[in-house]
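Written out below as structure tokens is the structure these notes cover.
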Amino acid sequence: MSHTPTNTALLAALEQCGDPRQRLRLRNRLVEANLGLVHHVATGQQGKGSLGHGDLVSVGCIGLIKAIDSFDPGRGLQLSSYAVPFIRGAMQHEERDRNQPLKTPRRLRELQQRVWSLQNRRASQGLPPLGQRDLCATLGCSAQQLLEAAAVQQALRLRSLDAPLGSAEADGGAT
């Protein structure tokens with residue numbers, strides 16, 4: 001697993017270092033020191049999907065790097081405790097991305113999720129839903145990106161072959 005004294009020393013050195021090359025070396029040493037943690041999480045995730053141990057470790061290392069880059073030692077957490085959700089999340093994202101019925105850009109799926117969350121939050125506060133222009137301004141995206149995200153969401157919605165095509169009255173119940 002992780003080596004807390006090594007992590008503590010490397011994190012302290014990383015926090016004080018201003019040279020980008022040296023910071024990269026220190027971050028790489030932190031990744032190497034915590035590879036056991038990535039392997040441990042990968043072992044727990046193995047069998048929950050189609051990814052093998054090696055693929056899980058590769059993706060988990062990306063999650064570990066993100067955790068190291070965003071870690072704040074002043075918050076009183078151990079790096080290993082902070083990193084596990086990042087590592088597991090990276091593995092789960094990769095598994096989900098590989099098992100999509102349609103290959104769609106993650107950025108568009110995430111944009112649609114942000115739209116859904118924002119509109120639900122507004123509804124729970126008793127506010128009306130935002131229009132397209134306001135959504136774009138709030139989420140920092142273009143109208144085209146918003147339309148693409150909605151189209152991706154619609155394409156990913158699975159329906160039965162026996163489901164009505166439209167309203168039963170208008171189509172005469174066509175399936």
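Taking 7 Å steps out from each Cα toward its Cβ at SER81 and LYS103 produces label points 4.1 nm apart. In the chain, the sites counted are trypsin sites (Lys or Arg not before Pro) in DSSP loop states with at most 14 other Cβ atoms within 10 Å, and the longest stretch holding none of them, exclusive of the sites, is 49-102. Legend: P(r) of the stretch 44-126 from all alpha carbon pair distances, 5 Å bins from 0, whole percents, reading 3, 13, 17, 16, 17, 15, 13, 5, 1, 0. Rolling a 1.4 Å probe over the protein heavy atoms of the stretch 23-90, with every protein chain left in place, gives an accessible area that is 52 percent carbon and sulfur. Over the C-alpha atoms of the chain, the Rg to Rh ratio, Rh being the Kirkwood estimate, stands at 1.12. A 1.4 Å probe run over the stretch 101-151, with the rest of the protein chains in place, finds 68 Å² accessible per residue. By how many degrees, 0 to 90 and rounded to 10, does the Cα axis of helix 35-45 deviate from the longest principal axis of the chain? With both axes taken from Cα atoms, the answer is about 30 degrees.
Remark: the stretch 125-133, residue by residue, has Karplus-estimated 3J(HN,Hα) of 8, x, 9, x, x, 7, x, 4, 4 Hz, where x stands for each Gly or Pro and the curve is 6.51 cos²θ - 1.76 cosθ + 1.60 at θ = phi - 60°. The Cα-based radius of gyration and maximum Cα-Cα distance (Dmax) for the stretch 5-98 are 13.7, 42 Å.
The values are calculated or read from the model by the stated rules, or taken from the named source; none is laboratory data. Source: prediction; values computed, not measured. Glycine gets a Cβ as well: all are built from the backbone with ideal geometry, and neighbour counts include every protein chain shown. For the accessible areas, the whole protein counts, side chains as well, though only heavy atoms, and no ligand, DNA or RNA atoms are used. Shrake-Rupley method; radii C 1.70, N 1.55, O 1.52, S 1.80 Å.
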